[in-house]
Amino acid sequence: MTFLALAFSLGLSAGLAPGPLFALVIQRSLQFGLKSGIRVALAPLLSDLPIVVISLWLVGRLPQRALDAMLVIGGLFVIWLGVDSLRHGVNAAETEAHASVSKDLWQAVLANVLNPHPYLFWALVGAPIVIRAWRVSPAHAAIFIIVFYTLLVGSKIALAFFFSRARGLPERHQRWLIHASSWLLLGVGAYMLYSAAINFGLF
C-alpha cells in the first residue's frame, strides 16, 4: 500500500508540476486543440524509458557541470518554442490545420529529454523506490510504475482537456490565452537558464 500511495502522490505532483512539458501541454491545447494537447501529454511514455535507463546508469556519475549544461540547452529550446508560438500563434482558429502528430511528439519528447529534472527524479527518487518495491515483490515495482505514469500522463491529459475548451471563447480571448501560454514557455525557459547560471556561479 505504501508503494501505491507513493506512486499516486508522486505521479500526480509530477504531472501538475510547472515545467517545460506542463507549459507545452497548455500552449498546444490552446493553439491546436485537445488532440494536440493529448499527444504532448503522452510524450513521457515515449521519452522516459531511455531517461530511466540513463538515470540508473549515468546520471549519478555525471558532474554537476554536465547537468547544468543540459539545463542551458533545455532552457534555450523551451525559449525557442515560446518565440515560435508568439510568431505563429496569433489566430488559433487558422493554425489548427498546421498541427501534426510528428511535430507535437518531437517537440514534446525533445523538451522532456533535454529537461534534467526527469533524470534527477529517477536517479534520486524513482529508482530507489522501484528497487525497494522489487525486493518486496516484482508486482509491487510494476504497480508503482503503472500507477505513477497513469497519474503523470492522466493529469496532463486533464490539463489538455481543460485548456482546449477555451478555444470556444471569442477570438480575442483565444489570442490572449495563446500569448499567455507562449509567455509561460518563455518564463519556464528563462527560469531554467537562471537556475543554470546560479549553479555556474554567475549570480
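The values are calculated or read from the model by the stated rules, or taken from the named source; none is laboratory data. Note that this is a predicted model, so its numbers are computed, not measured. Every residue, glycine among them, receives a Cβ derived from its backbone with ideal geometry; neighbour counts consider all protein chains shown.
Scanning the range 9-38 for residues being among the basic types (Lys, Arg) and surrounded by 24 or more Cβ atoms within 10 Å (Cβ to Cβ) gives a total of 1.
Is there a residue in the range 52-63 that is over 30 Å from THR150 (Cβ atoms), buried (at least 20 other Cβ atoms within 10 Å of the Cβ) and modelled with pLDDT under 85? Spell out how you get there, then give the answer.
So in the range 52-63, the residues over 30 Å from THR150 (Cβ atoms) come out as 61, 63.
Of the ones still in play, those that are also buried (at least 20 other Cβ atoms within 10 Å of the Cβ) are none.
No, the range 52-63 contains no residue that is over 30 Å from THR150 (Cβ atoms), buried (at least 20 other Cβ atoms within 10 Å of the Cβ) and modelled with pLDDT under 85.
Part of a helix (DSSP H, G or I), of a type outside the set (Asp, Glu) and buried (at least 16 other Cβ atoms within 10 Å of the Cβ), is that true of PHE144?
Values: part of a helix (DSSP H, G or I): yes; of a type outside the set (Asp, Glu): yes; buried (at least 16 other Cβ atoms within 10 Å of the Cβ): yes.
Judged against the criteria, PHE144 is a match.
Determine whether GLY126 is of a type outside the set (Val, Ile, Thr), buried (at least 20 other Cβ atoms within 10 Å of the Cβ) and in a helix (DSSP H, G or I).
On the way: of a type outside the set (Val, Ile, Thr): yes; buried (at least 20 other Cβ atoms within 10 Å of the Cβ): yes; in a helix (DSSP H, G or I): yes.
Yes, satisfied.
Does the range 166-174 contain at least one residue that is basic (Lys, Arg), farther than 14 Å from LEU34 by Cα and surrounded by 15 or more Cβ atoms within 10 Å (Cβ to Cβ)? No, the conditions are met nowhere in the range 166-174.
Evaluated against (1) modelled with pLDDT of 80 or more; (2) surrounded by 15 or more Cβ atoms within 10 Å (Cβ to Cβ); (3) hydrophobic (A, V, I, L, M, F, W, C), LEU45 falls short on exactly one condition, (2). The C-beta contact set for the range 116-132 (first residue within 16 Å of PHE8 (Cα to Cα) and of a type in the set (D, E, K, R), second residue modelled with pLDDT of 80 or more and in a helix (DSSP H, G or I), distance under 8 angstrom, 6+ apart or interchain) is empty.
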